[in-house]
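Enquirer: Quick one: the structure is below, questions incoming.
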Amino acid sequence: MQRVGFVGWRGMVGSVLLERMRAEGDFKGFEPIFFTTSNVGGAPPSVGLDAPPLADAGDLEALSSLDVIVSCQGGDYTTATHGRLRERGWRGAWIDAASTLRMRDDAVIILDPVNRDVIDRAIGSGTRDFIGGNCTVSLMLMVMAGPIRAGMVEWISSMTYQAASGAGARNMQELVRQMQVIGERAGALASDPAASALALDGNVQQTLTSEAYPVREFGAPLAASLIPWIDKPVADGQTREEWKGHVEANKILALSPEVPIDGLCVRVGAMRCHSQALTIKLRGEVPLPEVEDAIRASNQWAKVIPNEPDATKRELTPVTVAGTLDVKIGRLHTMRMGKDHVAAFTVGDQLLWGAAEPLRRMLQLWLSR
Ligand code: NAP
């Protein structure tokens, strides 16, 4: 029986992965071993299969005995562990949510509803490193793979609105703590109809700029504000998050020639689900219904929402998409710049298709091959 190690199962991506695996009845036919960086010997999560106490995620000997390692622990862990395991001659499958290995020639970025062909070719040629894509990139391709593969798209500009949970468990706690502090300090000003809006605004502004306001994780207020910077600076004024848009999307779909993809990535106070406003430059004038059909052809989870106020508010928001596998796209209309420019807004659960789901499906694919 194959032995599968899970590292990072307690984090945001890891817990969603386990939740999805339980829901799909995936915990069967293999022996699970759970690892930790903080609680060696602790109780493993309950998954309906016997598992030993938590093992040390730094124990290369234990990791080398596995057939598959699924890591949701983060890039630092991958950097510290993966190379050393391979140097010891470990030939198992490494399935990872972190970005560290994504752009390596010997790794494939996994998003099987849109690139099963690329994954199959990689397995056939001996690839053993299967890496989940950046969350916004994967979510964009879940709705845009159809039009891109149909040759309709010249370039895409993507302006993102990324949720706090995209930064991990501690950041989610900080967002809620920020909301809590704002509410506590505003007190009656928030509910008293006689209170002046200016007094409330002044109170909140004072809270947001006070020394005691909790900003350790994000480095700036997020609740009642936003942060137009995600990850490190790279060349040409981009952030690393923005750089990933072009390089990862083109690698995932193995596009040649490449389709330019660029934009700004912004952290907003949504709890879960990443949204993106897209400007899609078409290769010529294509009637909107044809673009919509191509989007629907991307895969069964791509859902087009009518460009109407009620449908948009009811269906095209993070809160209505959270916890579902549907990736929705709406607000579709041609733009003033010309009939070959289409505007769209898309939202998907970054913890599902943007993180845990491609890993879950890759594990199934690998175990059943
Ligand atoms: P995370 O929530 O910060 O979890 C990572 C690890 O932090 C956990 O496995 C846990 O390790 C430790 N940890 C410390 N405090 C914790 C707490 N209060 N609750 C839970 N775990 C805590 O990170 P993540 O967001 O899952 O991201 C993991 C990797 O996936 C990263 O490389 C990230 O870039 C990538 N990714 C994330 C998303 C997303 O939407 N979050 C999307 C795509 C890719 P121990 O149990 O060993 O202590």
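The values are calculated or read from the model by the stated rules, or taken from the named source; none is laboratory data. Computed from a predicted model, the values in this text were never measured in an experiment. So basically every Cβ, Gly included, is an ideal-geometry build from the backbone, and we count neighbours across all protein chains shown.
Enquirer: Report yes if residue 76 is among the acidic types (Asp, Glu) and away from the ligand (no atom under 16 Å from the Cβ), otherwise no.
Expert: no
Enquirer: Kindly evaluate residue 170 against the criterion of being near the ligand (Cβ under 10 Å from one of its atoms) and out of contact with any Ser or Thr (no Cβ under 9 Å at 6 or more places or on another chain).
Expert: yes
Enquirer: Here's another thing I want to ask about it. Go through the range 1-113 and tell me which strands (runs of 3 or more DSSP E), entirely inside it, have 2 or more residues that are farther than 24 Å from residue 350 by Cα and not β-branched (Val, Ile, Thr).
Expert: Strands (runs of 3 or more DSSP E) meeting the threshold: 31-36.
Enquirer: Look through 92, 29, 8 and report the one residue that is more than 8 Å from the ligand (Cβ to nearest atom), surrounded by 17 or more Cβ atoms within 10 Å (Cβ to Cβ) and either more than 27 Å from the chain's Cα centre (by Cα) or of a type outside the set (A, V, I, L, M) (or both).
Expert: Going through 92, 29, 8 in turn, just one is more than 8 Å from the ligand (Cβ to nearest atom), surrounded by 17 or more Cβ atoms within 10 Å (Cβ to Cβ) and either more than 27 Å from the chain's Cα centre (by Cα) or of a type outside the set (A, V, I, L, M) (or both): 92.
Enquirer: Further question: Within the range 119-140, can you find the residues that are within 14 Å of the ligand (Cβ to nearest atom) and either over 28 Å from residue 223 (Cβ atoms) or touching a Pro at 6+ places or on another chain (Cβ under 9 Å) (or both)?
Expert: Across the range 119-140, the qualifying residues are 130, 131, 132, 133, 138.
Enquirer: I need the strands (runs of 3 or more DSSP E) fully contained in the range 225-313, keeping only those with at least 2 residues that are in contact with a Phe, Trp or Tyr (Cβ under 6 Å, 6 or more places away or on another chain) and surrounded by 14 or more Cβ atoms within 10 Å (Cβ to Cβ).
Expert: Output list reads 274-282.
Enquirer: Further question on the same structure: Go over the candidates 180, 238 one by one and state the one that is more than 16 Å from the ligand (Cβ to nearest atom) and either free of Cβ contacts under 8 Å to residues at least 24 places away in the same chain or acidic (Asp, Glu) (or both).
Expert: Going through 180, 238 in turn, the sole match is 180.
Enquirer: Follow-up question, since we're still on this one. Only one of 359, 352, 367, 363 is within 27 Å of residue 4 (Cβ to Cβ), hydrophobic (A, V, I, L, M, F, W, C) and more than 22 Å from the chain's Cα centre (by Cα); which?
Expert: 367
Enquirer: In the range 126-157, which residues are hydroxyl-bearing (Ser, Thr, Tyr) and either buried (at least 24 other Cβ atoms within 10 Å of the Cβ) or within 19 Å of residue 96 (Cβ to Cβ) (or both)?
Expert: 127, 136, 138
Enquirer: Continuing with the same structure: Run down 353, 366 and say which single residue is within 28 Å of residue 119 (Cβ to Cβ), modelled with pLDDT of 95 or more and out of contact with any Leu (no Cβ under 9 Å at 6 or more places or on another chain).
Expert: Testing whether each residue is within 28 Å of residue 119 (Cβ to Cβ), modelled with pLDDT of 95 or more and out of contact with any Leu (no Cβ under 9 Å at 6 or more places or on another chain) leaves just 366.
Enquirer: Further question on the same structure: Name the residue that is nearest to the ligand (Cβ to nearest atom), counting only residues in the range 314-369 that are assigned to a loop (DSSP other than H, G, I, E, B) and of a type in the set (Asp, Glu).
Expert: 349
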